[in-house]
Structure formats: C-alpha cells, structure tokens
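Report on the structure given below.
The values are calculated or read from the model by the stated rules, or taken from the named source; none is laboratory data. Since the structure is predicted, the reported quantities are computational estimates derived from the model, not experimental observations. Ideal geometry is used to build each Cβ from the backbone, glycine not excepted, and the neighbour counts take in all protein chains shown.
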Amino acid sequence: MNQSAMNESTSEQPLLELDNLRVDFHTPTGIVQAVRGLSFTLGRERLGIVGESGSGKSMTGRAILDLIPHPGEVRADRLTYRGQDLLTMDKRARRKLRGRHISMVMQDPKFSLNPVRTVGDQIAEAYRVHHKASAREARQRSLAMLEQVQIREPARVYELYPHEVSGGMGQRVMIAMMLIAEPDILIADEPTSALDVTVQLQILKILDDLVTQRGMGLIFISHDLHLVQSFCDRVIVMYGGKAMETLPAAELADESARARRHPYTLGLLGCLPDLDHPKAELATLNRDPAWLA
Amino acid sequence: MTTNPAIRVEKLNVSYGDSHVVKDLSFSVAPGESYGIVGESGSGKSTVLRVLSGLNRDWSGTVAIEGQVQPKRRDKAFYRAVQMVFQDPYGSLHPKKTVDDTLAEPLAIHGIGDAEARIARAMSEVGLPASFRFRYPHQLSGGQRQRVAIARALVLEPTILLLDEPTSALDVSIQAEVLNLLQALRQERKLTYILVSHDLAVVAHMCQRLLVMQFGRGVEEMTAATLAARSPQTDYARQLLTASEGFRRVG
C-alpha cells in the first residue's frame, strides 16, 4: 500500500468512525437484527467487509449512507464522518453529504443506471448536483472522468445508452459517476460480482489507482474471500450481523497465522475448492450459536 | 477414449441471427466421467448445454448420446437419460408448486408408477428432510432449493447430468455442501457429468478433464492436473488462470 497514505491515516482523524452500529427491521413477526453492534474506523485505506448473504455487510454500507429502507432503524453509539456526527445530522445535510463526500457503487450497472438517458448525461448530472458548473463544463469533466476510468473513446461512449454498453463498461461508467464529485469515501458493494474475471481485474485496477491517487477511503463489500484478500489492506469478517474478527488482509492466506483466526474465518476459507490443495470432499461449515451471543 | 462415449459432440455450430455463438466445437465425454466447460460470459458454454439438453433446436453438427445420434427434437427416452440442473434455484422452480409437485411431474410425464417411494428416495438422497415435501420454494433457502432442483433431475434416474453453474448463486459454505452432494451422487450412481462454470477452482475440484472456451470456440482441452500444475498451453487459458487467482498490485 501507498506509504504516504498510511501515515496520513494514522496522523489525521479517521474519515469514518462507527461504534456499536445496529440496524433493526421491525416486522410484523418481530425484530430482525441485520447488524448487531459493529464498530470500526476507516482511514485512507482499502477496508474489506466479507461475509455470506445475510451477514449484514450490505446493510452496513447502506446505514453509513442513510439508505436503510423502511421499516429499518439505525442506531449507534457513535457514527461520525470526519468528526461530524451523522446521527444527529438532519436529512437535508445527510443528503448533501451523500454522493458528494461519501458515495456508493452498486453491484449491477444494469439496474443502477437510468435506461432512458445517455450514460454521459448521467455522469454530468452527478457533477452538477454537487458543484456549480455550466452544462459545458460538466460535459468536459465527464469526458475527462470517462478517460480516467479507461474508456477509450469517451466522446462516443458519452452518447450511448446503458443498454448499448457491456457490463464492464457499465461498471466503469458507474465508477466515473461516483467519483466525479470527488468523494472522500467510496463504498463499493460487490462492484465486480456481475463481471467476468478478466474484466473484474481491470475494474479493480481502476478502483485501486483512483483510491491511491486521491487518497480516498474505500469500503469494499464482497463475498469473495480470495478477492478481498488480494485487494484490501484490512478485512472485517462478518457473520449474522456481527464482526467475527478484523485482520490484515495478508493474514487471511498466512498459514502460520491460522491459530489466531476465528473459526468462522477458517470455516469460510476451508469450504472453498483450492487448485493447490485438492481434496476429495470439501469441508462444510459448522456454525456455532455462541458466535452470535 | 472408449468406443462408445457417453456424449460425443462433433463440429457443433450454433448461430443466433448474425452472431455465430458456437463454432466447430468437438469433444467427447466417457461414461462415468466428469467433464468441465469453462469460459467467460458470451463464450458459448451455456449454449452448448442447451443444445445437449434439447432446449436449443437450432444447431448443426453431430450430437450423440450413448452412441445414438440425436435428432433436433428429442424423444422421451432421451429425457430419461439426460437431465439438467440450472444455475439459479430461485428461477428454476415453479413458485406455486410444492416440492412434491415438482418431483411428481417428471414421473407423471414418463408414466412411471411408484411415485410415492421414488419421491421420498430422491429427497433423502439429496439430504432434504421428509418434512419439506409439501413446502413451497419460498419456504426454502437457496441451498435447499438447489437440492430440490437436483432431486428433480435425479428422480428419473438419468445417467447423464448437465450442470449449468449449479453453485454460482450460492454462498461458499452452501456451495461446498452442494458440490459434496454432487460428488457423492456421481460415485454412487456412476453418473456422467458436464459441469459448466466460470470458477476454475470448482471445475478442477469436480472434473477430471475440462475445456476452455472463448468466443464460441474450444480453446484448449486439458486435465484437471494440468490446470492445478498451472501449465495450460494456450495464452487465453493461462490468462484466465491468472485472473482467477485474484488481484495483483503492480509495483
């Protein structure tokens, strides 16, 4: 990782601080606890959140952005963005923060882009919502941003509609749209899961370069342990709405650190088929109710 | 290769309008073998399965199952021998039919009696408790649904199972359970598998041989051992292998 960025994150105040975050859904059949007491701080780094479906990883990202749908309720002892308290902030101020300072890339560009507007217009709009700029300037910036996400003919792609672009290109457009406002924190919720492996790596490379260049904080939400391990600096392993453990990403693959690992993390790693360690039968995961106690 | 492969495909070509999605593809699978097809989206791997299963009738070339050259429209005997499991257990089960209905339908179509016992057996083989028999798909988890889909395929006692990304919609822990189940069933029943997947590790775990496809062509056929030894011959197969190992930061 970039050394200067690391020093900065230790000296400066953290970008994001969460303490005892809880997300509850009040349903007719009772309260569903999606996130139960999650705490972490985010500096200018790549933080991975891994877990299986239902572990609360996506809800954590949404809670930070105030995007939890009704009847969800977010509570926390502390939720701050650069020292500003997000819990007491009114909806208007939260909305201003969203997209401008903290933004989010979703999993599938097919469902996140407006199908009846050109992709370029949508990027330009994202810029003009947050910055005072003429249509002309917004267009220029959008073209430059498309180039930054390595789209070869920005002027041509600008005029295309979402159905005319491939999945990989659509995801680059999404990233361009999220980064054009120059946020401090980018939350990427499974940004490459809908893509082929080779395209996936290109997108990660773009994200990685932009995060390093701009010194952003990245929260990378994924179910893919291999990917998180190779891409992130730190990893939170979530299960049932709780953090089972937080560890440096490099330690996930480190055999000598196995003894220190949480059994759930080991279980997740063990049930993946591995090219180098073929076995007749895959290990299955035994879940211990005590983990959620 | 044995004289009578379970599946033999020769010079298979499929076009959708102007796009030629499978080009001169040939391969054969021995009885009891597990054969993998890997490739990225648009490589034609799912189309091959749809041709084999008779879902796609617009193709040219030769498809022979257990020595018999297959016509475009398959007969009932074919469907008793060859069954398919689809990727998405949320989409492949009828939402208004119970597990019992889903498993009874193929038996009724083929006029097989003794449905009661066969359904109970198929369910126990895939590890579904008998109490699930009258549940609807929405009352089941993703892994349980995929078990129902596998039970539906097995209830006719086929010899060949076509698996189209059977675990890619599932969590890794559930994937392990379903893959273990498929392995055990293959050994028990001497089934022949074709497994289509984008996950090289899954294919290496499940299959003895595999075919890498790109743009509708078979790029390279290799053994799982070659894959594990990281020694494919072609650039594309190597590239796919490198990409599957995760992100690498340069410098």
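Looking across segment A:95-115, the residues that are part of a helix (DSSP H, G or I) and touching a strand residue (DSSP E or B) at 6+ places or on another chain (Cβ under 9 Å) come down to A:97, A:112.
For segment A:203-214, the count of residues that are out of contact with any helix residue (DSSP H, G or I) (no Cβ under 7 Å at 6 or more places or on another chain) and away from chain B (no Cβ under 12 Å) is nonzero.
Being within 14 Å of chain A (Cβ to nearest Cβ), of a type in the set (A, V, I, L, M), out of contact with any Ser or Thr (no Cβ under 8 Å at 6 or more places or on another chain) and in contact (Cβ under 8 Å) with a residue 60 or more places away in the chain is not true of residue B:153. Of all residues in segment B:35-59, those being within 10 Å of the chain's Cα centre (by Cα), of a type in the set (Ser, Thr, Tyr) and not in a loop (DSSP other than H, G, I, E, B) number 2. Select from segment B:185-202 the residues that are out of contact with any Asp or Glu (no Cβ under 8 Å at 6 or more places or on another chain) and within 9 Å of another protein chain (Cβ to nearest Cβ) and write down the one among them that is surrounded by the most Cβ atoms within 10 Å (Cβ to Cβ). Filtering segment B:185-202 for residues that are out of contact with any Asp or Glu (no Cβ under 8 Å at 6 or more places or on another chain) and within 9 Å of another protein chain (Cβ to nearest Cβ), the one surrounded by the most Cβ atoms within 10 Å (Cβ to Cβ) comes out as B:200. Once segment A:277-286 is narrowed to residues that are at the interface with chain B (Cβ under 7 Å from one of its Cβ atoms) and of a type outside the set (Ser, Thr, Tyr), the residue that is nearest to residue A:51 (Cα to Cα) is A:285.
To keep it simple, each residue is scored yes or no on (1) more than 17 Å from residue A:49 (Cα to Cα); (2) exposed (fewer than 15 other Cβ atoms within 10 Å of the Cβ); (3) among the aliphatic types (A, V, I, L, M).
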residue	(1), (2), (3)
A:241	no, no, no
A:248	no, yes, no
A:252	no, no, yes
A:256	yes, yes, no
A:265	no, no, no
A:270	yes, no, no
A:288	yes, yes, no
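Scanning segment A:64-91 for residues that are within 12 Å of the chain's Cα centre (by Cα) and crowded, with 19+ Cβ neighbours inside 10 Å turns up just one, A:64. How about segment A:181-202: which of its residues are β-branched (Val, Ile, Thr), surrounded by 20 or more Cβ atoms within 10 Å (Cβ to Cβ) and within 10 Å of chain B (Cβ to nearest Cβ)? The answer is A:192, A:197, A:199. Restricting attention to segment A:203-229, and to residues there that are out of contact with any Leu (no Cβ under 9 Å at 6 or more places or on another chain) and farther than 16 Å from residue A:184 by Cα, which single residue is surrounded by the fewest Cβ atoms within 10 Å (Cβ to Cβ)? That would be A:205. Checking segment B:203-225 against the condition returns no match, with no residue being assigned to a loop (DSSP other than H, G, I, E, B) and within 8 Å of chain A (Cβ to nearest Cβ).
The listed residues are A:142, A:166, and the only one of them that is of a type in the set (S, T, N, Q) and modelled with pLDDT under 95 turns out to be A:166. Note on segment B:68-97: residues that are closer than 25 Å to residue B:174 by Cβ and either among the acidic types (Asp, Glu) or surrounded by 18 or more Cβ atoms within 10 Å (Cβ to Cβ) (or both) amount to 9.
Go through segment A:187-206 and give me each residue that's free of Cβ contacts under 8 Å to residues at least 60 places away in the same chain and not β-branched (Val, Ile, Thr). Selection gives A:195, A:196, A:200, A:201, A:202, A:204, A:205.
Could you please find all residues in segment A:47-72 being away from chain B (no Cβ under 14 Å), closer than 22 Å to residue A:207 by Cβ and among the charged types (D, E, K, R)? Selection gives A:62 alone. Looking for something part of a strand (DSSP E or B), more than 28 Å from residue A:267 (Cβ to Cβ) and of a type outside the set (Lys, Arg) - is there at least one such residue anywhere in segment A:82-94? Taking every residue of segment A:82-94 in turn, at least one turns out to be part of a strand (DSSP E or B), more than 28 Å from residue A:267 (Cβ to Cβ) and of a type outside the set (Lys, Arg). Looking only at residues in segment A:124-180 that are touching a residue at least 40 places away in the same chain (Cβ under 8 Å), β-branched (Val, Ile, Thr) and not in a helix (DSSP H, G or I), which one is farthest from residue A:218 (Cα to Cα)? Only one residue tops the list, namely A:165. Taken over segment B:209-251, the criterion of being surrounded by fewer than 16 Cβ atoms within 10 Å (Cβ to Cβ), among the hydrophobic types (A, V, I, L, M, F, W, C) and farther than 25 Å from residue B:19 by Cα is satisfied by B:225, B:229, B:250. Among the residues of segment A:13-33, those identified as part of a strand (DSSP E or B), closer than 30 Å to residue A:211 by Cα, in contact (Cβ under 8 Å) with a residue 60 or more places away in the chain and not acidic (Asp, Glu) are A:16, A:18, A:23.
Right, residue A:36: of a type in the set (D, E, K, R), over 26 Å from residue A:285 (Cβ atoms) and touching a residue at least 24 places away in the same chain (Cβ under 8 Å) or not? The answer is no for residue A:36. Inside segment B:180-212, residues that are over 12 Å from the mean Cα position of the chain (by Cα) and not charged (D, E, K, R) make up a count of 16. Considering (1) touching a helix residue (DSSP H, G or I) at 6+ places or on another chain (Cβ under 8 Å); (2) more than 24 Å from residue A:231 (Cα to Cα), the lone condition that residue B:225 does not fulfil carries the number (1). Scan segment B:234-241 and tell me whether some residue there is aliphatic (A, V, I, L, M), at the interface with chain A (Cβ under 9 Å from one of its Cβ atoms) and over 21 Å from residue A:283 (Cβ atoms). Within segment B:234-241, one or more residues are aliphatic (A, V, I, L, M), at the interface with chain A (Cβ under 9 Å from one of its Cβ atoms) and over 21 Å from residue A:283 (Cβ atoms).
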